[in-house]
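Taking it in order: structure first as structure tokens, then the write-up.
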Amino acid sequence: MSQAVARQMVKQREGAIVNVSSESGLEGSEGQSCYAATKAALNSFTRSWSKELGKHGIRVVGVAPGILEKTGLRTPEYEEALAWTRGISVEQLREGYSKNAIPSAAPGA
């Protein structure tokens with residue numbers, strides 16, 4: 001779908017594409033190699049399209065939403081399991097919540 005939409009945006013010389021990624025694409029997670037690999041590929045795809053389509057006035061960005069606040073979804077059990085998949089402690093996991101970012105390749109971004 002992105003290709004079809006991008007063609008129209010190139011004609012219009014403007015637009016924005018938002019890809020939904022994951023922290024797993026940056027960190028990797030034990031037991032989630034296929035998921036992490038596809039998200040890493042999406043991060044590269046986003047950077048490449050940002051460079052290619054930016055020349056045509058099209059912004060391409062990626063977001064990697066996560067559970068940052070204690071909710072029904074982010075429980076101590078969830079954090080323990082996620083930390084285990086990454087081979088780190090829960091404390092290291094919590095420290096990383098505010099650090100991760102996927103830098104944009106777009107000029108001026």
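Taken together, the values in this text are just the output of simple stated rules run on the coordinates, not laboratory data. Treat the numbers as computed from the prediction; the structure is a model and nothing was measured. Positions of Cβ are backbone-derived with ideal geometry, glycine not excepted, and every protein chain shown enters the neighbour counts.
Order by neighbour count: 46, 38, fewest other Cβ atoms within 10 Å first, most last.
By the 10 Å Cβ count, ascending: 38, 46.
Taking all Cα pairs closer than 8 Å and separated by 6 or more residues, the relative contact order of region 4-47 comes to 33 percent. Computed on the Cα trace of region 2-96, the radius of gyration divided by the Kirkwood hydrodynamic radius gives Rg/Rh = 1.12.
Annotation: amide H-H contacts under 5 Å for residue 15 (H modelled 1.01 Å from N, sequence separation of 5 or more, or interchain): 59.
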